[in-house]
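The values are calculated or read from the model by the stated rules, or taken from the named source; none is laboratory data. The structure displayed is predicted, hence computed values, not measured ones. Neighbour counts run over all protein chains shown; Cβ positions are idealised from the backbone, glycine included. Heads up: the accessible areas ignore ligands, DNA and RNA and are worked out on the full protein's heavy atoms, side chains in. Shrake-Rupley method; radii C 1.70, N 1.55, O 1.52, S 1.80 Å.
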Amino acid sequence: MARKDPQVSRRKFLAGVAVASGATAVPPAQAATAASTSAAPRRPSALPPTMHVAAAETGTPKELPRIGGVPGSDFMVDVIKTLDIKYLPSNPASSFRAIHESLINYGGNKMPEFLTCAHEESAVAMAHGYFKVAGKPLMTLCHGTVGLQHAAMAVYNAWCDRVPVIIVGGNDLDAAHRPPGVPTIHSAQDINALVRDFTKWDDTPVSLQHFAQSFVRAYKIAMTPPYGPVAIALDAGLQQEPMRNGEKLYIPRYVPTSPPQGDTGAVKEAARLLANAQNPVIVADRAARSENGVRLLVELAEALQAQVIDQGGRMNFPNTHYLRRPPTAVGNADVILGMELTDFWATVNAYIDNGEHGIGVNTSRIKPETKLISINASELLTKANYQDFQRFQSVDVSMAADAEATLPALIEAVKAAIPNDRRAAIEKRGEAAKKAFAEARERTRQAAALAWDASPISTARMSMEIWAHIKDLDWSLVSISGVGFNWPNRLWPMEKHYQWLGASGGYGVGYGAPASVGAALANRDLGRFSVNIQSDGDLMYAPGVLWTAARHKIPQLAVMFNNRGYHQEVMHVQRLSNFRNRVANLGNDMGPIGTSIENPDIEYHKLAESMGWWAKGPIKDPAQLGPALKEAVAVVKSGQPALLNVWTQPR
Ligand SMILES: Cc1ncc(C[n+]2csc(CCOP(=O)(O)OP(=O)(O)O)c2C)c(N)n1
Ligand SMILES: [Mg+2]
């Protein structure tokens, strides 16, 4: 049967080029009229090819010159392979085409395996999430200028969250030899400058031996606590050229650096203060990075019967333990031990937004005589420009050291320092904590039951519906995006270090979805079940990571916290309107203009389905959530990612 749709032959198409380029001389208004009449010649909709392209398409390609000898980028792969890097999430680009080719053809696409990403920010955030489960860094390759520009926010999150990521950016340095046009636009003198303020170290190797040294050094620096991202700029020429004849190259051996421990005198002084305190309180943010870290913190807390506030940068202390207390517990403390706190100032001070005259007001949360102790490796990492070091807080005993590595010595010193006549009082402190803990749990349960049957679904109800379906599995909560959704931390028993991974660090939104995929990848290899509570705003920054998850068979249960808006910002605009005695302008939406994600409502289940996920929604009735979860869990167990688009209350 003859085809009816219009056929465009190559000859006619190329002839059309002349028509199209002639037509550009017509003024726009006339051209529009001409285009609407049937007499006008049909114009190609794509950009007209240049003569150069036409010649390249029709001519016989010349045989490309072959490179002799071993490609430099093959040696680079040999170096990378010594470091046990399992995956390489990346978006492809010409500036690293040579090492890309070596990785897949010479390296066999194993250790590392290339994972195709739709955005450089997703690639870095995947590495970020992966590390927090696996404890091992990933590397990414990115296009020196534009790719690194995309990656930058995710690098900042990793920096603030003290997570190592090895970023290798392609760049064509030699202005006399690099291809003109796009490759030159995409080159820079110094691509690392883009991320230098929030990476631990960077370099631009100029020889293969230099690359070997710098790559191993970069890995070592990234993996020395405090961890952090590092960047290596990889010249395209260095990747593409063959190794020089007879060149003798070696690969330096990687030996991990031991983490910095607190000075013996400072540890003793801290132990003396803690052992003699009436009411010592431990505050932990990124203190535990392993199961052992959690165990050590429990041991210290129990030795002192000290209350523990977990700020949640990591899973530091089981929320089932009777010594776990809310942030307000600092109020009664006479000694506070802060462990890897992002913000010691805000731990002991309160800031009231929009106080008098629209200026924030500071108040103290603690008694004036309370002694403060800090163990924080981040003090070894401070840079000037970005303000992640927070307000300055005076501290009585300050250790620029790694908390987990310092815990064994501190526990020993505390046990030795507890005077015999204080043991009974310490014991009694524990009894009081048990009572307070039981009462707090009951209050949490009551609060969670509020609006149980509401539609859209309450966030507490959603948490408990999910819990009912994962509680018997070896689960890991890989991410909660959105602001203020903390019911799982309050309601699900969390005892293992991988059950809670902390947030983004830099609060750059768009972290949740890709970090959840990276963490789920690490969990997949360990046979664990990943669950992700995914907010709407966060997913829409770079939803292409859903495709990466499906393409590379990375299962997770994603339950949408779809509150149809940037709710955090709803509240900010409302607060300012209230303060100025005005009504927030809603336009035709539910939230202040610029803050809602409605009208049209995004069909996240269809978005996910289009990228290879099993998905269902929108689910607005709480009674429908349980059955949908049952189906979704079965899908995830079979190895496919599944998403439920759940309409929730704003918070
Ligand atoms: C990259 C980036 N852009 C903007 C913000 C400001 N911001 C903070 S929270 C938020 C809302 C995020 O929406 P969603 O993920 O749906 O969470 P919700 O506030 O609705 O709980 C925004 C836009 C940010 N932190 N990071
Ligand atoms: Mg939202």
Open item on the list: Using each residue's phi in segment 589-595, evaluate 6.51 cos²θ - 1.76 cosθ + 1.60 at θ = phi - 60° and report the 3J(HN,Hα) Karplus result to the nearest Hz, with x for Gly and Pro.
Closed with: 10, 7, x, x, 3, x, 10
Task: Total charge dipole magnitude, segment 432-476, about the Cα centre, Cβ charges on Lys, Arg, Asp, Glu only, Debye to nearest 20 - done: 280
- [ ] Post the alpha-carbon centroid distance, segment 80-155 to segment 582-651, in whole angstrom.
- [x] 30
Open item on the list: Over segment 226-310, what is the relative contact order in percent, taking alpha-carbon pairs closer than 8 angstrom and at least six residues apart?
Closed with: 26
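Evaluate the charge dipole of segment 464-534 about its Cα centre and quote only its size in Debye, nearest 20, assuming +1 on the Cβ of each Lys and Arg and -1 on the Cβ of each Asp and Glu. Don't skip to the end; give the middle numbers.
Values: 5 positive and 5 negative charges, 17 e Å.
My answer is approximately 80 debye.
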Task: Cα shape, segment 80-200, gyration tensor, a/c 1.5 rule - done: oblate
Open item on the list: Rounding to the nearest 10 and keeping the result within 0 to 90°, find how far the Cα-based axis of helix 120-134 lies from the longest principal axis of the chain.
Closed with: 40
TODO: Using a 1.4 Å probe and ignoring any ligands, DNA or RNA, find the accessible area of Asp388 and quote it in Å² to the nearest 10.
DONE: 30
- [ ] Could you provide, to the nearest whole Å², the per residue accessible area of the chain with probe 1.4 Å?
- [x] 47
Task: Two-site FRET efficiency, Ser638 against Ala468, from Cβ-Cβ distance with R₀ of 25 Å, rounded to 0.05 - done: 0.80
Task: Percent of beta bridges antiparallel (DSSP, segment 288-396, rounded to nearest 5) - done: 40
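Quantify, in whole percent, the carbon and sulfur part of the accessible surface of the chain (1.4 Å probe; protein heavy atoms only).
55
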TODO: Find which of Met243, Val77, Tyr604 sits farthest along the positive direction of the dipole of the chain, computed with +1 on the beta-carbon of Lys and Arg, -1 on that of Asp and Glu, about the Cα centre.
DONE: Tyr604
TODO: Report relative contact order for segment 497-651 in percent, whole number only (criteria: Cα-Cα under 8 Å, sequence separation at least 6).
DONE: 26
Open item on the list: Output the 0 to 90 degree angle, nearest 10, between the alpha-carbon long axis of helix 208-222 and the longest principal axis computed from the alpha carbons of the chain.
Closed with: 30
Open item on the list: Checking the cross-link filter: which lysines have an alpha carbon closer than 19 Å to that of Lys428, excluding same-chain neighbours under 8 positions apart?
Closed with: Lys415
Task: Percentage relative contact order, the chain, counting C-alpha pairs under 8 Å, at least six apart - done: 12
- [ ] Count the DSSP beta bridges whose two residues both fall in the chain, then state the antiparallel fraction as a percent rounded to the nearest 5.
- [x] 10
- [ ] Set the Förster radius R0 to 45 Å, insert the Cβ-Cβ distance between Asn385 and Arg423 as r into 1/(1 + (r/R0)^6), and round the FRET efficiency to 0.05.
- [x] 0.35
Task: Full-extension gain in nm, Lys553 to Glu598, via 0.36 nm per residue minus C-alpha separation - done: 13.1 nm
- [ ] Could you pull out every residue, at least 5 positions away or on a different chain, whose amide H is within less than 5 Å of the one on Ile619? Hs are placed 1.01 Å off N in the peptide plane, and Pro or chain starts have none.
- [x] Asn645, Val646, Trp647
Task: Most to least packed among 265-275, 315-325 [average Cβ atoms within 10 Å] - done: 315-325, 265-275
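Under the classification rounded if a/c is under 1.5, otherwise prolate if a/b is larger than b/c and oblate if not, where does segment 461-575 fall, given a ≥ b ≥ c as square roots of the Cα gyration tensor eigenvalues?
Note, shape of segment 461-575 comes out oblate.
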Task: Where labels lie 7 Å past Cα in the beta-carbon direction, separation of Arg244 and Asn332 in nm - done: 7.2
Task: Leading residue at positive end of dipole, the chain (Cβ point charges), from Ser90, Trp345, Ala212 - done: Ser90
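Compute, for segment 364-414, the length of the dipole vector about the Cα centre, with Cβ point charges of +1 (Lys, Arg) and -1 (Asp, Glu) only. Units Debye, rounded to 20.
Working: 5 positive and 7 negative charges, 65 e Å.
The calculation lands at about 320 debye.
If packing is taken as the mean number of other Cβ atoms within 10 Å per residue, what is the order of 538-545, 246-253, 280-287, highest first?
Averaged packing, sorted descending, gives the order 280-287, 538-545, 246-253.
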Task: Full-stretch length increase - Ala447, Arg217 - with 0.36 nm per residue and alpha-carbon distance subtracted - done: 77.7 nm
- [ ] Output the pairs from Lys268/Lys367; Lys81/Lys110; Lys268/Lys371; Lys434/Lys471; Lys200/Lys220 with a Cα-Cα distance over 18 Å in this structure; if there are none, say none.
- [x] Lys268/Lys367; Lys434/Lys471
Task: Nearest-ten-degree value, helix 512-526 long axis tilted from longest Cα axis of the chain - done: 80
- [ ] Choose one of Leu557, Val583, Phe485: the residue whose Cα lies farthest towards the positive end of the charge dipole of the chain (beta-carbon charges +1 Lys, Arg; -1 Asp, Glu; about the Cα centre).
- [x] Leu557
Open item on the list: Rounded, prolate or oblate, given the Cα gyration tensor of segment 307-408, with a/c below 1.5 counting as rounded?
Closed with: oblate
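Probe radius 1.4 Å, ligands and nucleic acids left out: which of Ser638, Ser481, Ser290 has the largest accessible area, and how do the rest follow?
Correct descending sequence by accessible area is Ser638, Ser290, Ser481.
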TODO: Sort out for me the Cα centre separation of segment 551-579 from segment 413-436, rounded to whole Å.
DONE: 43
Open item on the list: Restricting to DSSP H runs of at least four residues, report the calculated mean residue ellipticity at 222 nm for the chain, -39500 (n - 2.57) per run over all residues, nearest 500 deg cm²/dmol.
Closed with: -12000 deg cm²/dmol
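Of the peptides 92-100, 486-494, 226-234, how do they stack up when ordered by the mean number of other Cβ atoms within 10 Å, highest first?
Highest to lowest by the protection proxy: 226-234, 92-100, 486-494.
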TODO: Enumerate the amide H contacts of Leu234 below 5 Å, restricted to partners 5 or more residues apart or on another chain; note that Pro and chain-start residues carry no placed amide H.
DONE: Gly169, Gly170, Asn171
